[in-house]
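Reviewing the structure listed below.
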Amino acid sequence: MPDSDYRDIRTLDLFAEMADEHFTALMRGAYVQNFPAQIELITEGEPSDFLHIVLAGSVDLFSAWNDRETSMATVRPISTFILAATIKDAPYLMSARTLEKSRIVLIPSQDVRGIFDVDNNFARAIVTELAQCYRSVIKAQKDLKLRTSLERLANYLIRQQHHAGGGAEFKLDFEKRRLASVLGMTPENLSRAFKGLQPYGVKVNGTLITIEDQADLRRFAKPNPLIDDFST
């Protein structure tokens, strides 16, 4: 693994405070691999053999049941997935596939559990990250259960506009079919929801979104940091 990859991994909160010798031991069994787009990296139900770290590209976490499929989350650099299965030595609850050409680090799960047992700083960092993941799941559930499809889309657009720099125009991160899945809608419902936001100044041209009056959209959406701020 190139030294630059070691440095990038070391900057993650998960690894930043662990002892040097433990980090070296953890990386000794790790390897980095480049994957093309649309490659399935893990399959739900299979043993969690590796902790994955996305160094470049992006990964879709998804699940399928009874001929239906839904996107659960998108993983972007630099971040890990799926930590809980690694620590519990349990089957993956989600599958993962690359959305684009991606560079992924794979760390054997048994090595992660071994260092967890001997490095207190690493153990605390894992607990902190799992707690943050738990809180993110709660917020996602609140978004899904407390809001209408129109409100979910409005708040998603407000968050995306903020991440894009706050300008009136910005592009969606991914295609509308996948956005519908992330928001718990069918593509048809998403199309109707976009039309429903037109009175609030939302215009759509492919993946280009224009919000002409953010204040009006925010009055409708009523964003709440206890739902929409995933950093808390």
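The values are calculated or read from the model by the stated rules, or taken from the named source; none is laboratory data. On a predicted model such as this, the values are computed, not experimentally measured, just so you know. Cβ sites come from the backbone with ideal geometry, for glycine too, and all protein chains shown count toward neighbours.
If a residue has to be touching a strand residue (DSSP E or B) at 6+ places or on another chain (Cβ under 8 Å) and either among the polar types (S, T, N, Q) or over 23 Å from F230 (Cα atoms) (or both) to count, how many in the range 170-203 make the cut?
Here the count works out to 5.
Quick check on L144: is it at pLDDT 95 or above, of a type outside the set (S, T, N, Q) and in a helix (DSSP H, G or I)?
Answer is no for this residue.
Just one of the numbered conditions (1) buried (at least 19 other Cβ atoms within 10 Å of the Cβ); (2) within 25 Å of A19 (Cβ to Cβ); (3) within 13 Å of the chain's Cα centre (by Cα) is not true of Q132; which one?
With respect to (1) buried (at least 19 other Cβ atoms within 10 Å of the Cβ); (2) within 25 Å of A19 (Cβ to Cβ); (3) within 13 Å of the chain's Cα centre (by Cα), Q132 is out only on (1).
Within the range 2-25, restricting attention to residues that are among the hydrophobic types (A, V, I, L, M, F, W, C) and in contact with an Asp or Glu (Cβ under 7 Å, 6 or more places away or on another chain), which residue is surrounded by the most Cβ atoms within 10 Å (Cβ to Cβ)?
M18
Looking only at residues that are closer than 15 Å to P91 by Cα and β-branched (V, I, T) in the range 35-64, which one is surrounded by the fewest Cβ atoms within 10 Å (Cβ to Cβ)?
T43
Among the helices (runs of 4 or more DSSP H) lying completely within the range 1-109, list those that include at least 3 residues that are touching a strand residue (DSSP E or B) at 6+ places or on another chain (Cβ under 9 Å) and at pLDDT below 95.
3-10
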